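The values are calculated or read from the model by the stated rules, or taken from the named source; none is laboratory data. Since this is a predicted model, take the numbers as computed values, not measurements. Cβ atoms come from the backbone with ideal geometry, glycine included; neighbour counts cover every protein chain shown.
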Amino acid sequence: MRLNLEKLELARAAFMLCALMASAVPAVAQTTPAAPSITQSVLAEAKLYIDGQVPLFIGAVGVVIPTGQSSDLAAVADGILYQMSGSSEIVIGRATRPLNAREALFIAAGKKVVVKAGTDMPSTLMHFLVGRAAELDRSGAATPATVIKIFRSPGRIPNLKPGAYDLNLTTVTLPPYTPPNSPHHRAGAALYYVLFGTGTTTVQGEVIRRAVGSVIYEPPGLAQQWGNPGAEELRFVVFNISAEGASASGPEAPAKPR
C-alpha cells in the first residue's frame with residue numbers, strides 16, 4: 001500500500017506515540033550512583049537456511065489494526081512480528097496464541113496468518129522481514145489495517161554465503177548517562193528501531209542523535225557505537241541475521257581481505 005507523504009508522517013508520529021505509551025516506566029531514585037548496565041533480552045529467534053544465490057534484503061513494515069478487528073498478515077518472507085502496543089491474537093493455521101505489548105513471534109514465509117486486535121485499544125505492530133526485494137515490497141496486511149512502510153535496505157545484504165543462519169529480535173536498554181560503548185560491527189546485518197528515549201550513534205567520528213522512531217540499518221562491517229547522554233533510559237529493538245553460531249557483533253571492524 002502506498003501512502004502519500006502527509007499520511008506517512010502522521011503514521012510515523014502515531015508509531016512514535018505508541019512506542020512512548022508502551023515503553024514509559026517510572027523513574028527510580030538511587031541513593032548511590034551505580035555504573036550503567038546495558039541489558040539485552042531476546043524476544044524471538046529462529047534458524048534459516050540460505051542458498052546464497054538469491055539477493056536478500058532486510059526491512060520492516062508497521063501495521064495498525066482497529067480495536068477488536070482482524071486482518072490477514074502478508075507473510076511474504078521470513079520475519080518476526082513485534083507487538084508495540086495493545087494486544088493481538090495470532091492465528092497461524094489451526095494454532096492461536098496471544099501476543100502482548102513488547103512480545104514477539106517468528107513467522108515463516110508462506111504461512112497463512114490472521115491478526116485480531118484486542119478489545120481495549122488498537123493493535124500496533126512491526127513486522128521485521130528478510131527476503132527478496134519484491135517480497136518486502138508486498139509486505140503488510142489487508143483492510144481494515146493501516147500499513148506503514150518503515151524501511152527496506154537500499155541494496156542486498158552482502159556476504160550471505162550458503163548455510164544456516166540465526167534470525168532474532170532483541171530488546172536493548174541503555175540506562176541514563178551511558179557513555180558510548182566500544183566500536184562494534186555486525187557479523188551479518190541488523191535493523192534497529194528506537195522505542196523510547198533519545199540516544200546517539202557514532203560512526204567514523206560522526207555523532208548522530210537517535211530519537212523515538214529512528215530506524216538504523218547496520219550492514220556487515222560497519223563499525224558504530226551506541227550511547228545514551230540523556231536523563232531517560234534508551235530502549236530499542238534489534239532485528240539481526242548472522243551465520244549460525246557466530247557472535248552477532250564483534251568488538252572492532254573486520255580485517256579487509258588481502
Test set (1) surrounded by fewer than 18 Cβ atoms within 10 Å (Cβ to Cβ); (2) at pLDDT 95 or above; (3) closer than 26 Å to Ser242 by Cα - Lys161 fails condition number: (2)
Which pairs do you get when a residue that is at pLDDT 95 or above, found in the stretch 97-113, comes within reach of a residue that is of a type in the set (Lys, Arg), reach meaning Cβ atoms under 8 angstrom, with the pair 6+ apart or on two chains? Leu105/Arg97
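Is it the case that Gly93 is loosely packed, with under 14 Cβ neighbours inside 10 Å, of a type outside the set (Val, Ile, Thr) and touching a residue at least 12 places away in the same chain (Cβ under 8 Å)?
yes
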Are any of the residues in the stretch 117-138 in a strand (DSSP E or B) and charged (D, E, K, R)? no
Quick one: Gly59 ticks every box in (1) part of a strand (DSSP E or B); (2) in contact with a Lys or Arg (Cβ under 9 Å, 6 or more places away or on another chain); (3) surrounded by fewer than 16 Cβ atoms within 10 Å (Cβ to Cβ); (4) not charged (D, E, K, R) bar one, so which box is it? (3)
Can you pull out the residues in the stretch 109-133 that are out of contact with any strand residue (DSSP E or B) (no Cβ under 6 Å at 6 or more places or on another chain) and either charged (D, E, K, R) or closer than 21 Å to Leu191 by Cβ (or both)? Lys112, Asp120, Gly131, Arg132
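Just need a number here: residues in the stretch 164-199 that are on the phi > 0 side of the Ramachandran plot and either surrounded by fewer than 21 Cβ atoms within 10 Å (Cβ to Cβ) or modelled with pLDDT under 95 (or both).
Here is the first cut: in the stretch 164-199, the residues on the phi > 0 side of the Ramachandran plot are 177, 197.
After this cut, where a residue has to be either surrounded by fewer than 21 Cβ atoms within 10 Å (Cβ to Cβ) or modelled with pLDDT under 95 (or both) as well, the list is 177.
Summing the residues that are on the phi > 0 side of the Ramachandran plot and either surrounded by fewer than 21 Cβ atoms within 10 Å (Cβ to Cβ) or modelled with pLDDT under 95 (or both) in the stretch 164-199 gives 1.
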Looking at the stretch 225-249, which of the residues that are outside any loop (DSSP other than H, G, I, E, B) and under 17 Å from Ile157 (Cβ atoms) is modelled with the lowest pLDDT? Ser249
